[in-house]
1. Here are some residues: V34, V65, V52. Which one is touching a Pro at 6+ places or on another chain (Cβ under 8 Å) and among the β-branched types (V, I, T)?
2. Taking R277 and the conditions (1) assigned to a loop (DSSP other than H, G, I, E, B); (2) among the basic types (K, R); (3) away from the ligand (no atom under 16 Å from the Cβ), which numbered condition does it fall short on, given that it satisfies the others?
3. Just to be sure, is S140 small (G, A, S) and in contact (Cβ under 8 Å) with a residue 60 or more places away in the chain?
4. Name the residue, out of K253, K297, that is assigned to a loop (DSSP other than H, G, I, E, B) and among the basic types (K, R).
5. Please find, within the range 74-122, the residue that is surrounded by the fewest Cβ atoms within 10 Å (Cβ to Cβ) out of those that are closer than 27 Å to Y235 by Cα and of a type in the set (G, A, S).
6. Would you pick out the residues in the range 306-347 that are among the hydroxyl-bearing types (S, T, Y) and surrounded by fewer than 15 Cβ atoms within 10 Å (Cβ to Cβ)?
7. Can you tell me which residue is farthest from the ligand (Cβ to nearest atom) among those in the range 189-228 that are under 10 Å from the mean Cα position of the chain (by Cα) and farther than 17 Å from S132 by Cβ?
8. Take M269 and decide whether it is surrounded by 13 or more Cβ atoms within 10 Å (Cβ to Cβ) and farther than 30 Å from L18 by Cβ.
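The values are calculated or read from the model by the stated rules, or taken from the named source; none is laboratory data. This structure is a prediction, so every number in the text was calculated from the model and none was measured. Cβ atoms come from the backbone with ideal geometry, glycine included; neighbour counts cover every protein chain shown.
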Amino acid sequence: MSLLNQSAQSKMTSSGRLDFQWDAPPAPGEVIVVAPGILWARLPLPFRLNHVNVWLLEDDDGWTVIDTGCATPEILDIWEKLLAGPMGGRPVVRVIATHGHVDHIGLSGWMVDRFGSQFIGTFAEWMWARVSHTHDMPGSSAAHRDYLVNNGLEPSDAEELVSNRRGFIDLSTPLPGVISEIRDGDVVRLARRDWRVIVTGGHAFEHASFHDAESGILIAGDHLLPKISPVIAVYEMMPAADPLGDYLASFGKFDDVADDTLVLPSHDMPYRGIRERIRQLERHHIERLDAVVAYLKDPCSALDLSRKMFPKVEGLANLGFALGETLAHVNYLVRIGTVVDVSDSPNSALFQATI
Ligand SMILES: [Zn+2]
């Protein structure tokens, strides 16, 4: 989701050798021209991470909007200002979601309905969002409850977290019913440029970034944020997944992105210095993996481990996010054989390091 882990945030405020071209983001309802035909707008989010950047690309037939924010009255109001103001009343002909998290895809359906736009995205993210942003999807709540209890939560706390999901679901208008699928390596033409689609796992199942080597621009979504580590978390529908393995393996897909490329992230400010940023993110996760191994000298539930990994986290909802992030590191170590589940019960996991 868009909530980013506190501990990572406090550890990663140093921006190293990254270069930031702009000092301030666009005001609500206004835009900054980042390159000819590419406008940057910012929408306020009702989370601790309080904003998302969206990109407006202009062509002869109208606009392409990359990410739409979520369904709040404030964001709808800002879209009206953007559409009537900087976008000149011209239609939105294409809506693209970098991935299926609600702060990115939440208003896609609303915008597609309004303009009859084409909806473009990766199949897994669209499908994931359609499943996750639907109330009472059969099986979902039971799977979520089991996952939380197996990892150490009291049943009453698990129940509260399961019902909290409804808040997220309500932040999305019904998802578009039809998708134009993009896949890794595809080329899409937007704002008179050819963009190579880079699909990566880790933060989401099939997150799409868009690279134009000629102009030196990468629209990076949540995959390579400048200041905070994107959430890399296990979710209840795939409890044995290894999203951290996917994330670390994804960096090679950016090898041919030049270091002076302007990176347009969904949160914080555009930056240059992608090589340094990838090094920082790699180092961060390797340090976290080392910490997990040290904490798991004695058997420990994922919940107790989350409290050690994220000592400043308060509140049940944030603990739920911490649990998902902790399990991402645990599952990576389980996959490489450095951690094993030593519990003798199928309904509770207890992890221990083997070294
Ligand atoms: Zn996201």
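1. Numbers: V65 fails: touching a Pro at 6+ places or on another chain (Cβ under 8 Å); V52 fails: touching a Pro at 6+ places or on another chain (Cβ under 8 Å).
Just one listed residue meets the conditions, V34.
2. (1)
3. Working: small (G, A, S): yes; in contact (Cβ under 8 Å) with a residue 60 or more places away in the chain: yes.
So S140 passes the test.
4. On the way: K253 fails: assigned to a loop (DSSP other than H, G, I, E, B).
Among K253, K297, only K297 is assigned to a loop (DSSP other than H, G, I, E, B) and among the basic types (K, R).
5. Only one residue tops the list, namely G109.
6. Residues of the range 306-347 that are among the hydroxyl-bearing types (S, T, Y), as a first pass: 306, 326, 332, 338, 343, 345.
Listed by number, the list holds a single entry, S345.
7. Once the filter is applied, the top-ranked residue is L224.
8. Working: surrounded by 13 or more Cβ atoms within 10 Å (Cβ to Cβ): yes; farther than 30 Å from L18 by Cβ: no.
Against the criterion (surrounded by 13 or more Cβ atoms within 10 Å (Cβ to Cβ) and farther than 30 Å from L18 by Cβ), M269 does not qualify.
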